[in-house]
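Everything below concerns the one structure shown next.
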Amino acid sequence: MITLTMDIFHPQPTRQLPVNYTLRRHFNAKDPRTSLAMNANGLAALFLFGWLFFIAAVWLRPEAAPDLMNLHFSGSALLVRIIGLLVLVMVMIYLHEGIHGACFWLATHARPKFGFRTLYAYAAAPEWYIPRDSYLWIGLAPFLLISILGILLIAVVPAGAIAPILVLTVMNASGSVGDLWVVFLLLRQPANALANDTGDEVKIYAPQS
């Protein structure tokens, strides 16, 4: 039997919250104010990451720049683009949450929980309290891996495939706003903090002062 271990997932998560730990911060995706803020930040991130990845694509593949800047389409071409965009959104969601789920499994060696809501999807480990540094990797993994993979693919795929890969990469990055928000909250907590992710909410615990 082969046992897979990763140094980034030590110390190990626990199912039991230590008695001296108290709730420090929480992120609730169902909270109306949080949801509104996430949507606003997601829209801003869409433009920011769209510009950054577009610049990277043009720099890597200057011969494809005219096609990337040609946004004029109508009729059946418009319908095809809309359907293609919806497909890319679903691909991005499954890939993003699949990476989260794989990281939860690596950290806990337990099956993660997956769920879908009206405006978002999630992977979670509701029974586990995960050390801060481990959860930082879990939170950042989809953003980092898909961004890096997108850039690498843009550099080598045929010119006609650059646009969909660019769209997928940008949408994943802008859709990572909630993950980046939680990462920011965790970085403001001590290294021995623990995160409990139930899907709709992430609670951060730390020892009492």
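Observations
- Index of the failed condition, ASN172 passing every other in (1) under 22 Å from TYR122 (Cα atoms); (2) part of a helix (DSSP H, G or I); (3) over 11 Å from the mean Cα position of the chain (by Cα): (3)
- Taken as a whole, the condition of being in contact (Cβ under 8 Å) with a residue 24 or more places away in the chain, basic (Lys, Arg) and touching a helix residue (DSSP H, G or I) at 6+ places or on another chain (Cβ under 6 Å) applies to ARG132.
- Within segment 186-200, being in a loop (DSSP other than H, G, I, E, B) and crowded, with 19+ Cβ neighbours inside 10 Å holds for ALA193, GLY199.
- The residues on offer are VAL183, VAL177, VAL202, VAL156, and the sole one that is more than 18 Å from the chain's Cα centre (by Cα) and among the hydrophobic types (A, V, I, L, M, F, W, C) is VAL156.
- Residues in segment 28-42 that are touching a residue at least 24 places away in the same chain (Cβ under 8 Å) and either assigned to a helix (DSSP H, G or I) or surrounded by fewer than 16 Cβ atoms within 10 Å (Cβ to Cβ) (or both): ASN28, LYS30, SER35, MET38, ASN39, ASN41, GLY42.
- Number of the exception - ALA163 against (1) part of a helix (DSSP H, G or I); (2) within 16 Å of the chain's Cα centre (by Cα): (2)
- Number of the condition not met by ILE148 [criteria: (1) part of a helix (DSSP H, G or I); (2) over 21 Å from LEU17 (Cβ atoms); (3) in contact (Cβ under 8 Å) with a residue 12 or more places away in the chain]: (3)
- So ALA110, is it part of a helix (DSSP H, G or I) and either exposed (fewer than 15 other Cβ atoms within 10 Å of the Cβ) or charged (D, E, K, R) (or both): no
- Single residue of segment 113-126 satisfying the filter (assigned to a loop (DSSP other than H, G, I, E, B) and either among the β-branched types (Val, Ile, Thr) or at pLDDT below 90 (or both)) that is surrounded by the most Cβ atoms within 10 Å (Cβ to Cβ): TYR120
- Matching residues in segment 90-105 - criterion: being β-branched (Val, Ile, Thr), modelled with pLDDT under 95 and surrounded by 15 or more Cβ atoms within 10 Å (Cβ to Cβ): ILE93
The values are calculated or read from the model by the stated rules, or taken from the named source; none is laboratory data. Since the structure is predicted, the reported quantities are computational estimates derived from the model, not experimental observations. FYI the Cβ positions are ideal-geometry reconstructions off the backbone, even for glycines, and counts take in every protein chain you see.
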